[in-house]
1. Per residue, how big is the convex hull of region 182-223 when only Cα atoms are used? Give it in Å³.
2. Over the residues of region 266-313, compute the C-alpha Rg and express it relative to 2.2 N^0.38 Å.
3. Just add up the charged neighbours of V120: K/R +1, D/E -1, any other residue whose Cβ is under 13 Å from the Cβ of V120.
4. Residues in region 258-279, backbone N under 11 Å from the label point at C226 (7 Å along the Cα-to-beta-carbon vector): list them, ranges by number please.
5. Provide the net charge surrounding T162, with neighbours chosen by a C-beta distance below 11 Å and charges set as Lys +1, Arg +1, Asp -1, Glu -1.
6. How many percent of the alpha carbon pairs in region 166-313 exceed a separation of 23 Å?
7. Quick one: net charge around F74, please, counting Lys, Arg +1 and Asp, Glu -1 for every other residue with C-beta under 14 Å from its C-beta.
8. Using only C-alpha positions, report the orientation-averaged shadow area of the convex hull of region 59-208, nm², one decimal.
Amino acid sequence: MSRRTQPSDTSKQRGMKRSTRMSMIAGVAVFLTLVSGVSFAAWTASSTKTATASAGAVAVTTATAAGAATITAFGPFTYTSSNQTVTKPITVRNTGTVEASVSTVAISRSGTLAGNQIAVKFWAGTSAACAATTPVVSSTLAGGTVSLATLNMTIAASGSATLCASTTFTGNMTTQAGRTTDATFAVNATAGTNWNATDSLAAASRTFTQNIFITTVPNAPTNAQCVNENNQNVITISWSTPSGFVTPNGGYNVYWNGSFIANTSTNSMGLQGSGVNGSLTVRAVASDGTESADSANIPIQPRTWWGSGLACG
């Protein structure tokens, strides 16, 4: 009787180890394949993005489609009073082939009027009317680079947007009179983090001049006259505009016996009263409040012999 030899446990273990090893190797192969696919896909996306930016062009200009410069609309301009504001639309055209965002504006200036005397604000406009919107970026013409990133102005390739800007004289008319400044804006646009372009217009097409009105002591009003009206208590005085007295100005101040009584922008004034004696004079007023010498006296007296009413003397 022969004995059948049973396979040893060792042989089974060897077979199991071989099978397990094969499964592990297959698993590693799948894992490597997946990792290689993910890595390749990520590399491809990065490569495509770089190639697109490299092949595209980032370019910006502040001229209209017809080629007219828009920044120059801010001047020449003369401020005739403090806190006077000029608001204009700046057309920003993306002449490149990739989408770009307005990022900064570099401000430089020269002249006798200090840049900190004029405040400047920027905001995204919805139309050329430049109605107020938020957010607003505030600065001055003192110079430097101002970030416009908070305005979120993104412009499609070959598209355009309106960047609204305002300048306001915040100084003193008297101390700054006659001073002037030439300011230049350079708008910058970016695409991504590494691509940017500055306004392609020549500096002369991005520069504007602003100055402060210079006042001189005006000449005295001439040809002062007085007329008695039908109402015995009313008279009308009038005068002629002095030579060199042009707009802008502060009108005319009227004085009674040397004391101020009224200001008017016209060349005549009606007065009512009764039983007084004295004289009226008129002074021309410059835009900064400087007064001329007095006009000729206009005598005033009661209209009746018993001392009532008002009459020209």
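Bear in mind these aren't lab numbers, they're just calculated from the coordinates by the rules spelled out. Everything quoted here is computed from the prediction, not taken from an experiment. Ideal geometry is used to build each Cβ from the backbone, glycine not excepted, and the neighbour counts take in all protein chains shown.
1. On the way: hull volume 5.0 nm³, N = 42.
Dividing the Cα hull volume of region 182-223 by its residues yields 120 Å³.
2. Against the compact-globule rule of thumb, the ratio is 1.42.
3. +3
4. So the set is 276-279.
5. Result for the local shell: +2.
6. Summing the P(r) of region 166-313 above 23 Å gives 56 percent of all pairs.
7. On the way: positive: K88, R109, K121, R206; negative: D182.
Net local charge, F74 excluded: +3.
8. Spelled out: convex hull of the Cα atoms, projected over all directions, averaged, 8.4 nm².
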